[in-house]
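The values are calculated or read from the model by the stated rules, or taken from the named source; none is laboratory data. Note that the structure is predicted; figures quoted are calculated from it, not measured. Cβ atoms come from the backbone with ideal geometry, glycine included; neighbour counts cover every protein chain shown.
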Amino acid sequence: MSGANADNNILTRWWEALKRRSALYAMGSLVGVGVITGVVFWGGFNTAMEATNQEAFCISCHEMEENVYREYKDTIHYNNRSGVRATCPDCHVPNEWTHKVVRKIQASKELYGKVMGTIDTPEKFEAKRLTLAQREWNRMKKTDSRECRNCHDYNSMDYTKQGRRGRTMHIEGFDAEKTCIDCHKGIAHSLPAMIEVDPSAAMGDGRRH
């Protein structure tokens, strides 16, 4: 009996060790699969994020291509002496990842507008222009014109190279703690009918620059 008990004890210990090893292998496999899945998901997510962060994507729908993109091509942000071009995402999408994700989520409601044909004709777009513009102005105001400041830093401005009016407006504006969009509402797109907007708030009295 003692020999049989000893054999049973050995088998029991061996089986328990095997189960522990199998559990470790199973846990390791789960971790490995999780890591691989996470990498694939993260890579796919970032690829999709960057794909939707290109100007070609922004103007892939005719609503944008036929309206704001055509206006933008006549501005200094598109064609200028320095050759530096600010594209749609440069002005409308944050660089910092967290803010970018939030902005993408907010922009997802535009899919509804696309499906419903909210601004699918120039006439519909013009009817909505003021609402769309004010929404974007308010967003930029809340972020202190964050996207503008990716390229424009007032601490680096050389006032001696600016025109008299621009120099005066910049100095007065910065002293009053104004942000870029307070004065440059017509910088890249045509201004809406200024019924509810102070014309003096748009640099150049409504002209695009």
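Would you check which residues across the range 68-118 are in a loop (DSSP other than H, G, I, E, B) and farther than 22 Å from Cys180 by Cα and list them?
So in the range 68-118, the residues in a loop (DSSP other than H, G, I, E, B) come out as 73-87, 93-96, 108, 117-118.
Passing the criteria: Ser108, Gly117, Thr118.
Is one or more of the residues making up the range 140-154 modelled with pLDDT of 90 or more, more than 17 Å from Cys58 (Cα to Cα) and aromatic (Phe, Trp, Tyr)? No.
Return a yes/no flag: does the range 50-61 have any residue that is touching an Asp or Glu at 6+ places or on another chain (Cβ under 6 Å) and at pLDDT 90 or above. Yes: one or more hits.
Quick one: would you say Asp74 is at pLDDT below 95, closer than 19 Å to His189 by Cβ and in contact with a helix residue (DSSP H, G or I) (Cβ under 7 Å, 6 or more places away or on another chain)? Give the derivation first.
Working: at pLDDT below 95: yes; closer than 19 Å to His189 by Cβ: yes; in contact with a helix residue (DSSP H, G or I) (Cβ under 7 Å, 6 or more places away or on another chain): no.
For Asp74, the condition - at pLDDT below 95, closer than 19 Å to His189 by Cβ and in contact with a helix residue (DSSP H, G or I) (Cβ under 7 Å, 6 or more places away or on another chain) - is not met.
When the test is whether a residue is at pLDDT below 90, part of a loop (DSSP other than H, G, I, E, B) and of a type outside the set (D, E, K, R), His209 passes it.
Hey, among the residues in the range 161-187 that are part of a loop (DSSP other than H, G, I, E, B) and in contact (Cβ under 8 Å) with a residue 40 or more places away in the chain, which one's surrounded by the fewest Cβ atoms within 10 Å (Cβ to Cβ)? Please lay out each step first, then the result.
Initially, the range 161-187 is screened for residues part of a loop (DSSP other than H, G, I, E, B), giving 162-163, 176-179, 185-187.
Now narrow it down to the ones that are in contact (Cβ under 8 Å) with a residue 40 or more places away in the chain: 185, 187.
Details: Lys185: 25, Ile187: 21.
Of everything passing the filter in the range 161-187, Ile187 is surrounded by the fewest Cβ atoms within 10 Å (Cβ to Cβ).
Any idea how many residues of the range 74-86 are among the small types (Gly, Ala, Ser) and surrounded by 17 or more Cβ atoms within 10 Å (Cβ to Cβ)? Can you show your working first?
From the range 74-86, those among the small types (Gly, Ala, Ser) are 82-83, 86; that's our starting set.
This time we only want the ones that are surrounded by 17 or more Cβ atoms within 10 Å (Cβ to Cβ), so: 86.
Residues in the range 74-86 being among the small types (Gly, Ala, Ser) and surrounded by 17 or more Cβ atoms within 10 Å (Cβ to Cβ): 1 in total.
For Gly117, the conditions (1) on the phi < 0 side of the Ramachandran plot; (2) surrounded by fewer than 13 Cβ atoms within 10 Å (Cβ to Cβ) are fulfilled apart from (1). Restricting Pro94, Pro89, Pro122 to those that are loosely packed, with under 14 Cβ neighbours inside 10 Å and at negative phi reduces the list to Pro122.
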